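I have placed the structure first, in the form of structure tokens, so that the comments after it can refer back to it.
The values are calculated or read from the model by the stated rules, or taken from the named source; none is laboratory data. What you see is a predicted model, and the numbers here were worked out from it, not measured in a lab. Here the Cβ positions follow ideal geometry from the backbone for every residue, glycine too, while neighbour counts run over all protein chains shown.
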Amino acid sequence: MFIIKYKKIFISLSIILVILSFFSLFLFGLNVGIDFKGGALTEIVYKNVRPTQITLNKTLETLNFGVIFLQPTGDLGYIVKSRDLNDSEHAQLLKTLSQGDVATLTETSFNSIGPSVGRELTRKAIIAVVLISLAIICFIAFAFRKVSKPISSWKYGIIAIVTLLHDVTIPIGLFVILSHYYGAELDTLFVVAVLTILGLSVSDTIVIFDRIRENLKNEAQTAKMNFDEIVGKSLEQSYVRSISTSFTVILVLLALFFFGPVTTKYFALMLTAGMFFGTYSSIFLASPLLVLVEEWQKKK
Amino acid sequence: MWRKIIVALIILVFGAAVGIFVFKTEAKLNKSFETQKAFFKKFPFRLGLDLSGGSHLIYKADVSAVESGEVSNSMDALRDVIERRVNLFGISEPVVTVQRGGFVSGATEQLIVDLPGVTDLKLAIDMIGQTPLLEFKIQAPEGTPQNATVDADGKVNIDLNSQFVGTELTGRYLKRATLEFDQNTKEPRVSLQFNDVGTKLFAQITKDNVGKMVAIYLDGAPVSTPVVNEAIPNGQAIISGNFTPNEAKLLVGRLSSGALPVPITLLSTQTIGATLGESAVAAGVKAAVIGFLLVTLFLILWYRLPGLVAVLSLCIFVAIILALFKLLPVTLTAAGMAGFIISMGVAVDANVLIFERIKEELRSGRTISEATKLGFSRAWLSIRDSNISNIITAIILFWFGTSLIKGFALTLGMGVIISMFSAIMITRIFLSSLIFIGEGKVARFLFSSGLSL
């Protein structure tokens with residue numbers, strides 16, 4: 001199997017991608033949204049003409065709400081980002097935006113999140129990430145408890161986790177670049193996307209490891225074939241289904257990205273990337289790593 | 001063999017019935033919806049705020065004065081009061097939920113109010129803000145430090161608030177409030193009648209405090225501080241605080257709809273305009289339909305006859321899921337729709353695993369019926385293992401999430417579980433009833449996949 005033969009190339013490719021993702025993460029940083037930070041987001045559409053950003057900025061300064069960002073949306077709308085606003089501040093803002101009722105506008109959405117709610121959500125997100133990671137690690141350990149030759153079961157688990165980290169890191173790296181150039185924000189859906197990628201991509205790795213497990217159980221084969229040959233054979237047997245199962249999910253995700261609601265666009269894109277790299281890694285990273293580990297063991 | 005075909009037919013009829021149910025109960029699909037029987041009108045999709053438009057308010061409840069064992073009860077009482085209050089304004093299906101504080105969510109008790117269709121935030125806030133907070137306080141024991149200030153004239157002002165301490169008796173034990181007029185002074189006053197628990201509490205408070213003052217606080221300020229002459233066992237209290245007749249009338253109105261057991265403050269607000277929601281629904285439906293068609297196309301082109309069977313079982317899967325969304329009901333949000341759309345892709349997963357297995361068994365020289373049987377039993381382990389991780393993720397997300405995440409976790413989790421059922425039961429029964437097509441060359445072609453002939 002060529003994948004096993006050239007395993008070092010594929011493993012290096014994955015390492016480079018992960019390093020690039022970390023690099024972009026440190027270079028651009030995460031653009032945390034109001035879900036976690038607290039703040040207000042007002043979306044408005046003007047009826048006839050949209051005042052320019054410069055004129056609006058001038059009048060908005062008089063409100064003393066701190067820094068206010070205006071982001072044009074559509075032909076006649078703005079998204080206004082500010083600190084969290086109470087009821088009367090909200091009314092003041094709308095009045096200012098309408099230039100004292102001269103420019104008629106409608107407010108399509110308003111979202112004001114107090115800092116304490118944001119802190120609470122951050123806390124919840126962290127707990128969920130930790131719990132899901134733990135649960136998946138336990139699950140992997142459980143699934144591979146019976147295979148121990150020639151590689152002990154915990155090593156399967158560790159490789160599955162390394163693969164998972166790879167699958168999550170690359171979409172995050174992509175998201176960071178997107179958020180830098182297109183203003184996508186790290187919101188609740190981002191966290192959900194990361195967690196869903198964990199669930200989706202581990203299942204792919206498990207399908208292939210399952211096959212290796214099955215072929216290893218067949219003792220007669222083991223006697224005749226080397227470990228790397230068995231892994232290669234298992235890959236040959238399972239890569240088509242691995243690709244086609246992910247392909248159907250990617251199909252629906254692309255439909256969601258191109259035609260779905262605006263709110264879930266980046267979510268769908270991240271999941272697509274996660275799904276793609278999840279499948280890639282279970283074929284081109286997890287199995288080669290297994291063989292690599294076995295080779296190291298032999299050398300000792 | 002006939003039995004298998006009959007079972008397959010029964011499943012087809014069941015699937016069709018579920019599909020018809022979904023169709024008939026959906027106003028946008030069914031052109032004669034208005035003339036349907038009432039039964040079919042009872043099951044619309046329930047749309048979340050981000051799809052239907054409306055307001056989402058998060059309040060923080062200050063439970064510092066409540067004993068820790070009683071917090072849960074107070075929060076439930078608070079929810080009931082706000083629910084009554086909101087219902088009074090004729091909003092359809094308001095959702096008022098309590099979010100308990102604790103390890104996971106931090107230490108605050110919160111009340112979350114969802115008002116579908118209400119896009120005037122100010123109106124919504126006013127509506128809830130008018131719910132009065134009624135508290136009864138007793139004189140602090142002697143020796144309690146008191147806050148006093150000395151004003152410019154050298155007069156000492158003792159802060160009234162520090163003289164009183166809270167009791168368990170609050171607005172939650174109020175049964176009703178009525179407007180009365182004092183017989184002697186003709187001044188308007190408000191008469192309160194407590195419920196059973198409140199009556200007992202009030203009797204105890206008055207008994208313990210004969211000769212002392214009991215303060216009645218409204219919205220955090222004392223309105224009346226009568227001196228107790230004797231124990232009052234009948235659960236009646238009077239607030240007489242220099243009201244004008246109009247003020248008294250207004251207060252009675254506010255108290256009648258319920259009084260708050262604990263003070264609340266607004267933390268976060270969100271309003272979504274109706275048009276934004278509508279376009280999100282339209283986009284979600286479009287994405288779902290296109291996603292479904294793409295998957296269908298792929299299945300039939302790549303997996304031929306089994307692919308067609310998988311499409312059938314996918315149709316039944318979609319019908320069951322949509323029917324469950326209506327029956328349970330599941331509140332659909334944009335993220336929830338995304339969960340459903342993704343679950344369509346995942347639903348095919350199990351089918352593909354099975355088909356690939358069948359193909360392998362065919363290659364190793366088995367007959368179609370043998371290969372089908374073996375394919376199922378060998379694929380089951382992989383199907384189970386690969387779905388468990390998704391179910392774990394969905395459960396934890398559902399447990400911890402805000403309403404937005406919950407919607408996604410619920411639809412994805414339901415999708416994954418039902419897809420396992422549809423792959424194992426429905427696809428299997430359909431496929432095994434297809435063995436009558438025999439073992440000929442055409443049959444083997446139909447059971448192969450991909451580019452092979």
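Here the range A:84-108 is the region considered, the condition is being part of a loop (DSSP other than H, G, I, E, B) and either among the aromatic types (Phe, Trp, Tyr) or within 11 Å of chain B (Cβ to nearest Cβ) (or both), and the residue that is nearest to B:Thr402 (Cα to Cα) is A:Asp84.
Only one residue in B:Ala282, B:Ala335 is in contact (Cβ under 8 Å) with a residue 40 or more places away in the chain and either facing another protein chain (nearest Cβ under 9 Å) or assigned to a loop (DSSP other than H, G, I, E, B) (or both). Which one? Walk me through it before giving the result.
Details: B:Ala282 fails: in contact (Cβ under 8 Å) with a residue 40 or more places away in the chain.
Among B:Ala282, B:Ala335, only B:Ala335 is in contact (Cβ under 8 Å) with a residue 40 or more places away in the chain and either facing another protein chain (nearest Cβ under 9 Å) or assigned to a loop (DSSP other than H, G, I, E, B) (or both).
Of (1) within 30 Å of B:Asp50 (Cβ to Cβ); (2) modelled with pLDDT under 90; (3) out of contact with any helix residue (DSSP H, G or I) (no Cβ under 6 Å at 6 or more places or on another chain); (4) not charged (D, E, K, R), B:Asn246 satisfies all except one. Which? Evaluating B:Asn246 over (1) within 30 Å of B:Asp50 (Cβ to Cβ); (2) modelled with pLDDT under 90; (3) out of contact with any helix residue (DSSP H, G or I) (no Cβ under 6 Å at 6 or more places or on another chain); (4) not charged (D, E, K, R) leaves (1) as the failure. Among the residues of the range B:303-332, those that are out of contact with any strand residue (DSSP E or B) (no Cβ under 7 Å at 6 or more places or on another chain) and within 17 Å of B:Lys286 (Cβ to Cβ) comprise B:Val318, B:Leu322. Mind listing whichever residues of the range A:109-148 are in a helix (DSSP H, G or I), surrounded by 19 or more Cβ atoms within 10 Å (Cβ to Cβ), within 7 Å of chain B (Cβ to nearest Cβ) and not hydrophobic (A, V, I, L, M, F, W, C)? Scanning the range A:109-148 gives A:Glu120, A:Lys124. Among the residues of the range B:348-366, the ones that are more than 8 Å from chain A (Cβ to nearest Cβ), within 36 Å of the chain's Cα centre (by Cα) and either more than 22 Å from B:Asn387 (Cα to Cα) or not aliphatic (A, V, I, L, M) (or both) come to 1 in all. Among the residues that make up the range B:389-399, is at least one of them in the same structural domain as B:Val330 (by TED's automatic domain parsing), surrounded by 20 or more Cβ atoms within 10 Å (Cβ to Cβ), assigned to a helix (DSSP H, G or I) and in contact (Cβ under 8 Å) with a residue 40 or more places away in the chain? Yes: one or more hits.
Tell me the residue from B:Leu267, B:Leu251, B:Leu260 that is more than 30 Å from B:Gly48 (Cα to Cα), under 41 Å from the mean Cα position of the chain (by Cα) and surrounded by 14 or more Cβ atoms within 10 Å (Cβ to Cβ), please.
Details: B:Leu267 fails: more than 30 Å from B:Gly48 (Cα to Cα); B:Leu260 fails: more than 30 Å from B:Gly48 (Cα to Cα).
It is B:Leu251.
Considering the range A:228-264, the residues that are under 30 Å from B:Gly375 (Cα atoms) and polar (S, T, N, Q) include one that is farthest from the other protein chains (Cβ to nearest Cβ), namely A:Ser234. Please determine whether any residue of the range A:20-29 is modelled with pLDDT of 85 or more, within 14 Å of another protein chain (Cβ to nearest Cβ) and surrounded by 18 or more Cβ atoms within 10 Å (Cβ to Cβ). No: zero hits. Residues in the range B:174-201 that are of a type in the set (Ser, Thr, Tyr) and without any contact (Cβ under 8 Å) to a residue 40 or more places away in the chain: B:Thr185, B:Thr199. Only a single item in (1) within 14 Å of chain B (Cβ to nearest Cβ); (2) outside any helix (DSSP H, G or I) is not met by A:Ile161, and it is number (2).
Filtered by the rule that a residue be touching a strand residue (DSSP E or B) at 6+ places or on another chain (Cβ under 7 Å) and in a helix (DSSP H, G or I), the range B:241-275 gives B:Pro245, B:Ala248, B:Lys249, B:Leu251, B:Val252, B:Leu255, B:Ser256, B:Thr275.
Checked against (1) more than 9 Å from chain B (Cβ to nearest Cβ); (2) of a type in the set (Phe, Trp, Tyr); (3) in contact (Cβ under 8 Å) with a residue 40 or more places away in the chain, A:Phe267 passes all but a single condition, namely (1).
Could you say which residue among B:Ala287, B:Ala231, B:Ala237 is crowded, with 20+ Cβ neighbours inside 10 Å and closer than 30 Å to B:Asp196 by Cα? Talk me through it step by step, then tell me what you get.
Details: B:Ala287 fails: closer than 30 Å to B:Asp196 by Cα; B:Ala231 fails: crowded, with 20+ Cβ neighbours inside 10 Å.
Going through B:Ala287, B:Ala231, B:Ala237 in turn, just one is crowded, with 20+ Cβ neighbours inside 10 Å and closer than 30 Å to B:Asp196 by Cα: B:Ala237.
The helices (runs of 4 or more DSSP H) found entirely in the range B:1-58 that carry 1 or more residues being aromatic (Phe, Trp, Tyr) are B:2-24, B:38-41. With respect to the conditions (1) in the same structural domain as A:Leu290 (by TED's automatic domain parsing); (2) of a type in the set (Ser, Thr, Tyr); (3) more than 21 Å from the chain's Cα centre (by Cα), A:Ser14 lacks only one, and its number is (3).
For (1) aliphatic (A, V, I, L, M); (2) buried (at least 24 other Cβ atoms within 10 Å of the Cβ), each residue gets a yes or a no:
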residue: A:Leu195; (1), (2): yes, yes
residue: A:Met225; (1), (2): yes, no
residue: A:Tyr239; (1), (2): no, no
residue: A:Gly260; (1), (2): no, yes
residue: A:Leu269; (1), (2): yes, no
residue: A:Glu295; (1), (2): no, no
